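Colleague: Below you will find the structure I want to go over with you.
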There are 2 protein chains.
Amino acid sequence: MAFSPALTSLIDALRILPGVGAKSAQRMAFHMLQREREGAAHLARSIEQAVENVHHCKSCRMFTEHEICDICANERRDASVVCVVESPADVMAIEQNTDFGGRYFVLLGRLSPIDGVGPNELGLDILRQRLAEGTVEEVILATGATVEGEATAQYVADLARQHNAGVSRIAHGVPIGGELEYVDAGTLSQAFSGRRAL
Amino acid sequence: MAFSPALTSLIDALRILPGVGAKSAQRMAFHMLQREREGAAHLARSIEQAVENVHHCKSCRMFTEHEICDICANERRDASVVCVVESPADVMAIEQNTDFGGRYFVLLGRLSPIDGVGPNELGLDILRQRLAEGTVEEVILATGATVEGEATAQYVADLARQHNAGVSRIAHGVPIGGELEYVDAGTLSQAFSGRRAL
């Protein structure tokens, strides 16, 4: 005895989602069929439309439905400054919380040889091409403050220097609102070594 | 600045899934578009097919693609015994782990007036009809050992008695492999009051 084929296939298909195992997939399938048939049909259409229409920007690898994303297409954004981030979510966070007015480059990952992620997987040939055009004056490295994020930042910094672009790294230190005594050792040490003259 | 419309709509649509909030929906959408486009297209088709083809069995409310589910359609299953459960997952668990050879009735929920779930939402009119046919001799109550599960069991028990069917409740007590000292108070008290002569 098993579930009906269509239900079994739905439960299996849901397991491609990150963080969804056998039990959650079953719960999601039941929920959709019991209480959210319209929502489920809408979800199916949304997935289809996104898979069909959403691609990566040819210039910065951000998700877009056009050749070039809205930011890259915006002539008022400063093309001489490029902020390099790991994911599209990082672009959103920077757009929502800072007044950065330059362009981006989205790596869609970070260097991680053990997972088979090298410079090619991060689209660094596209970034190289942008740097070779000579308009980029500063590359801001905004990859994560993890071991892989730092290695990736180093790699991109070398690439930028080869093309005579300036390189900066976003500041790491004590978060705003953070109490010194609760800050972890690595962050505190970074905050000291990265201190600035007032 | 926001994500492209198709991506925004996908992230919104994913939030119908149980346990999926804004951040997880975004992570799922990115994952599908970055690494699982084929899997995502397959998921969309699976949802569509399930929504279109999977219905509730007219007799027991189990999910099925036919009028009547495989268990209800199986003449070798004992129609005189009906096991009442809360969800399709319970049917699967009983089928996989017991030698129960009767039929089922799936409530698709439990009585919970505060959530607007009454006897009608649990399809108890369908169960009443089955009982009225007079073939059911025993109703086994296998709803959960929760307050709502017990209330539901009581309600179904009354219904069964009105139709002169025998009523039993699955045993509650110390789980197999459980050490007495780690069993919670309610279970231990239940195990004592439910003791059987050897």
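Colleague: I'd like the full set of residues that are surrounded by fewer than 22 Cβ atoms within 10 Å (Cβ to Cβ) and under 19 Å from B:Asn74 (Cα atoms), limited to the stretch B:101-125. Full working, then the answer.
Modeller: Step one: filter the stretch B:101-125 for residues surrounded by fewer than 22 Cβ atoms within 10 Å (Cβ to Cβ), giving B:101-102, B:108-109, B:112-121, B:123-125.
Selection gives B:Gly101, B:Gly102.
Colleague: Related question: Quick one: count up the residues across the stretch B:11-33 that are open to solvent by 30 Å² or more (accessible area, probe 1.4 Å), out of contact with any Ser or Thr (no Cβ under 9 Å at 6 or more places or on another chain) and not small (Gly, Ala, Ser). Quick ask: steps written out before the conclusion?
Modeller: Of the residues in the stretch B:11-33, the ones open to solvent by 30 Å² or more (accessible area, probe 1.4 Å) are B:12, B:15-16, B:19, B:22-24, B:26-27, B:31.
Now drop any that are not out of contact with any Ser or Thr (no Cβ under 9 Å at 6 or more places or on another chain), which leaves B:16, B:22-24, B:26-27, B:31.
Imposing the further condition that a residue be not small (Gly, Ala, Ser) reduces the set to B:16, B:23, B:26-27, B:31.
Total meeting the criteria: 5.
Colleague: So B:Glu67 clears everything in (1) at pLDDT below 95; (2) out of contact with any Lys or Arg (no Cβ under 6 Å at 6 or more places or on another chain); (3) open to solvent by 30 Å² or more (accessible area, probe 1.4 Å); (4) farther than 22 Å from B:Gly166 by Cα except one condition, right? Which one?
Modeller: With respect to (1) at pLDDT below 95; (2) out of contact with any Lys or Arg (no Cβ under 6 Å at 6 or more places or on another chain); (3) open to solvent by 30 Å² or more (accessible area, probe 1.4 Å); (4) farther than 22 Å from B:Gly166 by Cα, B:Glu67 is out only on (2).
Yes or no, residue by residue, for (1) farther than 22 Å from B:Ser87 by Cα; (2) outside the structural domain of B:Glu121 (by TED's automatic domain parsing); (3) of a type in the set (Asp, Glu); (4) open to solvent by 30 Å² or more (accessible area, probe 1.4 Å):
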| position | (1), (2), (3), (4) |
| --- | --- |
| B:Glu148 | no, no, yes, yes |
| B:Ala157 | no, no, no, no |
| B:Ser168 | no, no, no, yes |
| B:Ala185 | yes, no, no, yes |
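Colleague: Would you confirm, using the coordinates I've provided, whether A:Thr98 is surrounded by 15 or more Cβ atoms within 10 Å (Cβ to Cβ) and modelled with pLDDT under 95? I'd like the intermediate steps shown before the answer.
Modeller: On the way: surrounded by 15 or more Cβ atoms within 10 Å (Cβ to Cβ): no; modelled with pLDDT under 95: yes.
Answer is no for this residue.
Colleague: Pick out the one residue from A:Ala6, A:Ala13, A:Ala44, A:Ala40 that is touching a Leu at 6+ places or on another chain (Cβ under 6 Å) and over 24 Å from A:Thr143 (Cβ atoms).
Modeller: Numbers: A:Ala6 fails: touching a Leu at 6+ places or on another chain (Cβ under 6 Å); A:Ala44 fails: touching a Leu at 6+ places or on another chain (Cβ under 6 Å); A:Ala40 fails: touching a Leu at 6+ places or on another chain (Cβ under 6 Å).
Answer to the check: A:Ala13.
Colleague: On to the next question. Which of the residues belonging to the stretch B:1-31 are hydrophobic (A, V, I, L, M, F, W, C), free of Cβ contacts under 8 Å to residues at least 12 places away in the same chain and more than 7 Å from chain A (Cβ to nearest Cβ)?
Modeller: The answer is B:Ala2, B:Val20, B:Ala22.
Colleague: With the condition kept exactly as written, say whether any residue in the stretch A:170-181 is in contact with an Asp or Glu (Cβ under 9 Å, 6 or more places away or on another chain) and modelled with pLDDT of 90 or more. Break it down into steps so the answer makes sense when it comes.
Modeller: The initial filter retains those residues of the stretch A:170-181 that are in contact with an Asp or Glu (Cβ under 9 Å, 6 or more places away or on another chain), namely none.
No, the conditions are met nowhere in the stretch A:170-181.
The values are calculated or read from the model by the stated rules, or taken from the named source; none is laboratory data. Note that the structure is predicted; figures quoted are calculated from it, not measured. Neighbour counts run over all protein chains shown; Cβ positions are idealised from the backbone, glycine included. Note: areas computed on protein heavy atoms with side chains; ligands, DNA, RNA excluded. Shrake-Rupley method; radii C 1.70, N 1.55, O 1.52, S 1.80 Å.
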